[in-house]
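Working notes, structure below.
Readers should treat all values here as calculations from the given coordinates under stated rules, not as data from a laboratory. Predicted model only: the values in this text are computed from it and were never measured. As a convention, Cβ positions derive from the backbone with ideal geometry for all residues, glycine included, and neighbour counts pool all protein chains shown.
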Amino acid sequence: MKILNVIQGTHIGGMEQSSLLLMRELISLGHDISLLSLTKMGLLKKDLEESNIKSRGFPYKGPGGLLDLLNYRSYISSEKADAIMQTGHSLVGMLSLLGRKNIPKILFVHFHHQGVKPKWIWKLIYLVANRIFHHIYFASNFIMDEALLIHPELEKKSSFLPNPLPTRSIRTEKNISHSRSLYNIQSNEFVIGNAGWLIKRKRFDILLRVSAKIKESLPNLKVLIAGDGEEKVNLEELADELDISTDIIWLGWQEDLENFYNAIDVMLFNSDWDAVGLSPLESIQRGIPTYTSVINGGLKEILTGEFSIFIENQHDINILANKILESVYDNIEWTTKRAPGGKTTQGQQLVLKPGHDLRAAGYRVGKYKLVYNFLCHIIY
């Protein structure tokens, strides 16, 4: 089956990484996958090429651009796909699919509704989506419930499909030591980190403030940040104010985050809002204690247990710092607890709520079969 993925962009955020994993899974099942990016090709292009996924991106001319719409429709027609999936909620992307009644179409929604667009625009998006798509998958129940409040008519064709995680290598003392040496981090240093876009809503400023507070008790602190974005300069200035500039290692964008995850002791994830958030899931997959205070999003419905600690007091610096310090003072052996599947040397086990499965073989890879079976069902 030939499947076209129409995606909002090809950066290396959580939505794009999840979509890449899905495409790779469909390829492994024997399908021919191609991709249309609604903006010019980004950092994901290399991964697409390595996966033998044909891709094309068009520089975006702006909202309402007729040329954009014509370019998209022309490319979609030329691909002659048996089925189409759209990743992201782009209205222009949806309009590009109008008139293709005989081609089954699926929409994947990864975005939290808060702060992205006014409610009336979401209403318009879901009104159009309801007419175009055979089915709509949401990355969390949280954003699906929000969507149904905006447009209840979606209920019959909506369902929850968690973001996937790939199989990862087992964290061992050897590769942890190797990764730390790459960043000149000593074995006796305590490392707190996060990975993602350096933008305001991701609240890396919370990471810096909490780190400064922890440093008062743990002077051998290091902060590891993987990512880049428009807030980089402001964060550097804040680090100077907090007197922790020399304790921060700025990695920039990383094609592979394996060394980043190997090097950290704790993940602190504090977005103002997020549909789910890929980096906390990836850190928990590796058995890394993960602290989050993201109330507006799907993380709370997924994570619970020893290594996914949810803080109700969103962005409270003292509470976040104290929770992390409590773990240290409770004599958790930070250098030996890193093991696959959320297990620790003390036998503690990550607990996920019903309906979720974090397996050594990969995070919910079986869920891909839902997409495959659905495509087959509506075609045959």
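Subtracting the Cα-Cα distance from 0.36 nm times the residue separation, let me have the gained length for Asp316 to Ser78 in nm, one decimal. Mind showing how you got there, number by number?
Numbers: separation 238, 0.36 × 238 = 85.68 nm, distance 5.26 nm.
In short, 80.4 nm is gained.
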Least to most buried among Thr246, Thr172, by other C-beta atoms within 10 Å and fewest first, runs Thr246, Thr172
The rounded separation in angstrom of the Cα centers of the range 209-278 and the range 144-161 is 35 Å
Beyond 21 Å (Cα-Cα) in this structure, taken from Lys54/Lys101; Lys40/Lys157; Lys80/Lys101; Lys54/Lys80; Lys2/Lys54, we find Lys54/Lys101; Lys40/Lys157
Expected vector for the range 133-138, Karplus 3J(HN,Hα) from phi with 6.51, -1.76, 1.60 and θ = phi - 60°, integer Hz, x for Gly and Pro, equals 9, 6, 8, 10, 9, 10
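Round to the nearest 0.05 the FRET efficiency obtained for Asp240 and Ile170 when R0 = 51 Å and r is the Cβ-Cβ distance.
Numbers: r = 38 Å, r/R0 = 0.75.
Between Asp240 and Ile170 the formula returns 0.85.
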Of the range 213-238, those with amide N under 13 Å from the point 7 Å along the Cα→Cβ vector of Trp250 are 225-238
